[in-house]
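Just below is one structure, and these are the notes that go with it.
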Amino acid sequence: MHYITAVFACLSFFLFAAMAGAADMGPTLKKACTACHSAKRICLNLGVKSPGAWKGTVSKMVAKGAKLDAGQIDAATGYLAGLAPGSGPLCK
């Protein structure tokens, strides 16, 4: 029983850490994405793309030179997938 509790506690910690990282991505993404194109492209897809589609897009943009490190890809994906259409600092 203690093993299950310990596993659950560890998973909860990592989930919380990932969510906290995603919550802080707005200004970072605004800077990284708008260095090459307008935020309009992103805003049009908020609430439309799946998390998997966002991960593909973010990974492709990083490969093209977007200034995000590998550790920020999942946080950026979670952040973008969690935004409602037209919301977040990217669309203001």
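The numbers here are math on the coordinates, done by the rules we state, and not lab data. Here the structure is a predicted model, which means the values were calculated and not measured. Positions of Cβ are backbone-derived with ideal geometry, glycine not excepted, and every protein chain shown enters the neighbour counts.
Key figures for this structure:
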{"quantity": "For the stretch 22-64, the spread of Cα positions along each principal axis, largest first, Å", "calculated": "23, 22, 20"}
{"quantity": "Relative packing of 65-74, 52-61, which averages over residues the other C-beta atoms within 10 Å, highest first", "calculated": "52-61, 65-74"}
{"quantity": "Environment charge of Val62, counting only residues whose C-beta is closer than 11 Å and scoring Lys/Arg +1, Asp/Glu -1", "calculated": "+3"}
